[in-house]
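A.B. asks: Mind having a look at this structure? Questions to follow.
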Amino acid sequence: MAEPIVRLAGICKRYAEMVAVESLDLDIAAGEFVVLLGPSGSGKTTILSMIGGFAAPSAGRVLIAGEDVTDLPPARRPTATVFQDYALFPHMSVRSNVAFGLAMRKVPKAERHRRAGEVLQLVGLEGFGSRGVHQLSGGQRQRVALARAIAVEPKVLLLDEPLGALDLALRRQMQEELVRIQKRLGTTFVHVTHDQEEAMSIADRVVVMNKGRVEDMGPPSRVYLRPASVFTACFMGESNILTGEVVEATSGVAWVKTRVGTLTVPTHAMPAESVTLSIRPEQLLIGNAGAGTLSLGNGTITETSFQGTHLRAHVAMEGDGNNELLLRAPVGLPLPVGAEVQLSVRPEDLVMLKR
Amino acid sequence: MKPRELAVILYLTLAIVFIFLPVAILVQYSFQDGLVPVPPFRGFSLRWYERMLANRKLMEALGNSIIVGGVSSFVALTLGFLAAYGLARGRPRYAGRLQFCLMAPLTVPYIIIGLGLLSAFSTVGIGRSLVTVGLGHVVINLPLCFAIAYSQLGEHQANIERAAHDLGASDLQALLLVTVPMLWPTLLAAFFIAFTLSWDEFVIAFLLSKFDVTLPVVMWNMLNSGLNPQLNAVGTLVFATSTGLVVLIAALLLPRSRNG
């Protein structure tokens, strides 16, 4: 990576009773769209606040464009934030909101109005300049908040769950627009969300957070298909988690004894090692899947729900106790509750989780 | 109509009549075409209003009331708002206790505040005047202005101020360009609430004034020489002003609460 635009060097944030962020190192490249993904309380918003200057790290440094900004207030950092509740100035017109940052930079009035017009056009609010904030819908307010932050041409744009209050259709549309705007401006975006679908659809890189720690980090496809931890496998979509013990291992292949039989996993492992495997529900194959696949045995469908794009089913596998697998099947298959199915999986779809 | 609804309407009507009948009668007899404001009502006349407007003492007191109310409300609002801003944003140690101390005067009876100020002023050698009345009204209105401003300085407003800082505003710029204008309707309403209370206030104004007096004190002095329709006219003026201000306050505050 070239010189990162944002470097978080060992930052952590402790409060009297709890640790919000444990020692974190993170480099963000110029022009990158990074999404911090995690449940509430995972520390993702705290990280954003420390980059923006709204929270001081208990330890560690924040560098932006090579400059140590740890002790600088938000006003003197090359960042701008899109707040979760938009935090628009309610007493100002849309234009004045967007031009506020430029006014603070003493840009002449005519110039800042011209610039505000440009940015409003970029976010699809051309001609809304003279309206009052209270006359706008939620989606339009969101765009004004975005325009206001973009107008000051920050080096890094920080977005704190900006789409949380929008309905699903609007959220999808805004996700696409965020990506379009980000690519067009080339500005670095750091976006916080708890919505894994949103993270996958917009991010160049996802940073999965849990309890103040980074669980996993990488391009969405890698994080989804080859998750590093149990938490990531279950938070980024659904997973079947299988714990087991390595009964035999050669170079590159391990035989792992699990609740659905002994599976041949293409991985490096030591005999007698305890391991955790994950299988995505849509990677379970139904019926006799042929050569090269691993049979997981037979099971009975106990519960199904129609999800539109697929059928989600719980399958009770043969064996003792709670031996259930989650299955995503094409909607065309006749899979009533009580039906017997044989399940198998391709060895390469078995992921060995590190934690 | 169901009996239940009928009972509600009946009760409401009785309550409103009970509250407003004395005022209605006061207003009615300000138009009395006679020398005393007692039945029978002799018909409609504006002569007592003419007398009131021609009464120099009354008009002076009216001016005094406006000055005392305006200045003391402005001072109470400024101090109360700054205290609320400091407490909400600076988060000093013992913020809870400070808030309690600022609000505590609300529980003290006006007569105690008046007597306390009277002895305090005489101890340090400050004579009674409109200034001391105004100071008394600052004492009673500051807690109220503080409470109103404090209630409007929540986390959402703090985020809006954060946005201003984020976009490059200094503390002073954020205060003057964002916080105060954003709270403008609330602050104006607080000002008028304080003004209304000062406008109606008698005990402190009576205890702390000497030669220059406010309207309620003049009314009290006039009462000593018996009932007089002119007094009804003054009362009507005081009541109408207060009502007008209350309507104004409601108009300022209601659209805000509706928008959330």
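The values are calculated or read from the model by the stated rules, or taken from the named source; none is laboratory data. Here the structure is a predicted model, which means the values were calculated and not measured. All Cβ positions, glycine included, derive from the backbone under ideal geometry; neighbour counts span all protein chains shown.
A.B. asks: For segment B:159-173, name all the residues that are in a helix (DSSP H, G or I) and at the interface with chain A (Cβ under 9 Å from one of its Cβ atoms).
C.D. replies: Residues satisfying the conditions are B:159, B:160, B:161, B:162, B:163, B:164, B:165, B:166, B:173.
A.B. asks: State all residues of segment B:122-150 that are over 21 Å from residue B:61 (Cβ atoms), touching a residue at least 12 places away in the same chain (Cβ under 8 Å) and of a type outside the set (Val, Ile, Thr); if no residue qualifies, say none.
C.D. replies: B:142, B:143, B:144, B:145, B:146, B:147, B:149, B:150
A.B. asks: Can you say whether residue A:139 is more than 10 Å from every other protein chain (Cβ to nearest Cβ), not in a helix (DSSP H, G or I) and not basic (Lys, Arg), as far as the supplied structure shows?
C.D. replies: no
A.B. asks: Does segment B:185-193 contain at least one residue that is in contact (Cβ under 8 Å) with a residue 12 or more places away in the chain, surrounded by fewer than 15 Cβ atoms within 10 Å (Cβ to Cβ) and away from chain A (no Cβ under 14 Å)?
C.D. replies: No; the residues of segment B:185-193 include none that is in contact (Cβ under 8 Å) with a residue 12 or more places away in the chain, surrounded by fewer than 15 Cβ atoms within 10 Å (Cβ to Cβ) and away from chain A (no Cβ under 14 Å).
A.B. asks: Report yes if some residue within segment A:95-110 is within 13 Å of chain B (Cβ to nearest Cβ), touching a strand residue (DSSP E or B) at 6+ places or on another chain (Cβ under 9 Å) and closer than 23 Å to residue A:55 by Cα; otherwise report no.
C.D. replies: So far as segment A:95-110 goes, yes, one or more of its residues are within 13 Å of chain B (Cβ to nearest Cβ), touching a strand residue (DSSP E or B) at 6+ places or on another chain (Cβ under 9 Å) and closer than 23 Å to residue A:55 by Cα.
A.B. asks: If you don't mind, there's one more thing I want to ask. Output the qualifying pairs, or none if there are none: Cβ atoms under 6 angstrom, residues six or more apart or on different chains, first residue in segment A:60-84 and within 14 Å of chain B (Cβ to nearest Cβ), second residue among the basic types (Lys, Arg) and surrounded by fewer than 18 Cβ atoms within 10 Å (Cβ to Cβ).
C.D. replies: A:78/A:155
A.B. asks: On to the next question. Report every pair of residues separated by at least 6 positions or lying on different chains whose Cβ atoms are under 8 Å apart, first residue within segment A:306-327 and assigned by TED's automatic domain parsing to the domain that holds residue A:258 and within 11 Å of residue A:282 (Cβ to Cβ), second polar (S, T, N, Q) and surrounded by fewer than 16 Cβ atoms within 10 Å (Cβ to Cβ).
C.D. replies: Going by the 8 Å Cβ cut-off, the qualifying pairs are A:311/A:305; A:312/A:305.
A.B. asks: Among the residues of segment A:85-94, write down those that are facing another protein chain (nearest Cβ under 9 Å) and either of a type in the set (S, T, N, Q) or in contact with a His (Cβ under 8 Å, 6 or more places away or on another chain) (or both).
C.D. replies: A:85, A:87, A:90
A.B. asks: Regarding segment B:206-214, can at least one residue be identified that is modelled with pLDDT of 85 or more, aliphatic (A, V, I, L, M) and either touching an Asp or Glu at 6+ places or on another chain (Cβ under 7 Å) or surrounded by fewer than 22 Cβ atoms within 10 Å (Cβ to Cβ) (or both)?
C.D. replies: yes
A.B. asks: Go through segment A:165-253 and tell me which strands (runs of 3 or more DSSP E), entirely inside it, have 2 or more residues that are in contact (Cβ under 8 Å) with a residue 12 or more places away in the chain and over 18 Å from the mean Cα position of the chain (by Cα).
C.D. replies: So the answer is A:240-250.
A.B. asks: Restricting the first residue to segment A:131-146 and requiring it to be buried (at least 17 other Cβ atoms within 10 Å of the Cβ) and among the β-branched types (Val, Ile, Thr), which pairs with a second residue that is at pLDDT 90 or above and in a helix (DSSP H, G or I) meet a Cβ separation below 6 Å and a spacing of at least six or different chains?
C.D. replies: Once the first residue is buried (at least 17 other Cβ atoms within 10 Å of the Cβ) and among the β-branched types (Val, Ile, Thr) and sits in segment A:131-146, its partners that are at pLDDT 90 or above and in a helix (DSSP H, G or I) give A:144/A:94; A:144/A:97.
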